[in-house]
Structure formats: structure tokens, C-alpha cells
Amino acid sequence: MLSIKSLLVLIALFTAGLVLWRNWQARERAERLARETCRRMGVQFLDESVGQKQWRLVRDQGRWKLRRTYAFEFSRTGADRWPAELVLLGGQLAGVEFNLVDPAVPPPPATRTVTPHPDHAKVVPLRRDRP
């Protein structure tokens, strides 16, 4: 018969394994979504991988969900590299952000200043195909 201590160790190991397995599934989904998004945008998905940037527990419509942010890189010409981020909320795609601002190039002089909302400046809307 198992002691309480042995049972707690087994539960902890099972929970850790479940968390790792779910994280692996989310990363595979993020990689697939990043590849599909790059293909739709007409850019090249570089390194064939995504890297986990952040985990955060957030409330979405009154429910707690895990928000995972993944970083990846893409190229427009094949000779450049640009950063991008993909966000999964729970298991669903929440957004993809392409950063097309080159910090080495100064901005052109503006005759009029327009400041976009920071959440809307670089978000690419994705179409959801539902049966």
C-alpha cells in the first residue's frame, strides 16, 4: 500500500508531466499557426521554430486562462530578419504581431503626427474558418 508521501510524489510527478505535455502541444500549435500566418502574409518563416517568451495567467470573460506568448522571426526578402510574436489564450489564437519597424532607420519627417493605439498598430487580423 502507498504511503501518503508516496502518493503526493506520484501526484506531483503526474501533474508536472501533464503540464509539460500541454506546453509541448501549445508550442506545436503556435509553430503551425506562425508558419500558416507567414505563408498567408507572403513572408518567409525563419528557423522553422518559435520560442516561448512569456506565460501569464489572465482572466478572460470571467474565467482564468493561460496566456502564452511565442516569439519567431520572418523575412520579407530572404536577406533580412524581422521579429514577430504570436499569442495563444487558453488553446486559441489571440493574435499575431509583426514588427516591421527598423530601429536603425530614422523615421521620415512628418508634417502631421498621428499616434495609433499601441494595441492596434501591428496586429494582423486572422480569419477563422468554422464549419
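The values are calculated or read from the model by the stated rules, or taken from the named source; none is laboratory data. Note that this is a predicted model, so its numbers are computed, not measured. Cβ: placed from backbone, ideal geometry, glycine included. Neighbour counts: every protein chain shown.
Return the total of residues in segment 38-49 being in contact with a Phe, Trp or Tyr (Cβ under 8 Å, 6 or more places away or on another chain) and within 16 Å of Tyr70 (Cβ to Cβ).
The first filter runs over segment 38-49 and keeps only residues in contact with a Phe, Trp or Tyr (Cβ under 8 Å, 6 or more places away or on another chain), leaving 38-39, 41, 43-47, 49.
Filter once more, keeping what is within 16 Å of Tyr70 (Cβ to Cβ): 38, 45-47, 49.
So the count comes out to 5.
Residue under question is Ala84, and the condition is that it be in contact with a helix residue (DSSP H, G or I) (Cβ under 9 Å, 6 or more places away or on another chain) and modelled with pLDDT of 90 or more; does it hold?
Working: in contact with a helix residue (DSSP H, G or I) (Cβ under 9 Å, 6 or more places away or on another chain): yes; modelled with pLDDT of 90 or more: yes.
Here the answer is yes, as Ala84 does meet what is asked.
Answer with yes or no whether Leu33 is surrounded by 11 or more Cβ atoms within 10 Å (Cβ to Cβ) and modelled with pLDDT of 90 or more. Show your work before the answer.
Working: surrounded by 11 or more Cβ atoms within 10 Å (Cβ to Cβ): yes; modelled with pLDDT of 90 or more: yes.
So Leu33 passes the test.
Regarding segment 15-30, can at least one residue be identified that is among the hydrophobic types (A, V, I, L, M, F, W, C) and more than 20 Å from Leu93 (Cα to Cα)?
So far as segment 15-30 goes, yes, one or more of its residues are among the hydrophobic types (A, V, I, L, M, F, W, C) and more than 20 Å from Leu93 (Cα to Cα).
If Glu73 satisfies every condition in (1) touching a helix residue (DSSP H, G or I) at 6+ places or on another chain (Cβ under 8 Å); (2) surrounded by 15 or more Cβ atoms within 10 Å (Cβ to Cβ); (3) not aromatic (Phe, Trp, Tyr) but one, which is the exception?
Exception for Glu73: condition (1).
Among the residues of segment 7-26, are any among the β-branched types (Val, Ile, Thr) and touching a helix residue (DSSP H, G or I) at 6+ places or on another chain (Cβ under 7 Å)? Outline the logic, then answer.
The first filter runs over segment 7-26 and keeps only residues among the β-branched types (Val, Ile, Thr), leaving 9, 11, 15, 19.
From what's left, touching a helix residue (DSSP H, G or I) at 6+ places or on another chain (Cβ under 7 Å): none.
Looking through segment 7-26, none of the residues is among the β-branched types (Val, Ile, Thr) and touching a helix residue (DSSP H, G or I) at 6+ places or on another chain (Cβ under 7 Å).
State all residues of segment 43-55 that are closer than 16 Å to Leu93 by Cβ and touching a Lys or Arg at 6+ places or on another chain (Cβ under 6 Å); if no residue qualifies, say none.
Within segment 43-55, Phe45 is the sole residue that qualifies.
Can you list residue pairs whose Cβ atoms sit under 9 Å apart, with the first residue in segment 12-34 being assigned to a helix (DSSP H, G or I) and the second being among the acidic types (Asp, Glu)? Count only pairs 6 or more apart in sequence or on different chains.
Correct list of pairs: Glu31/Glu48.
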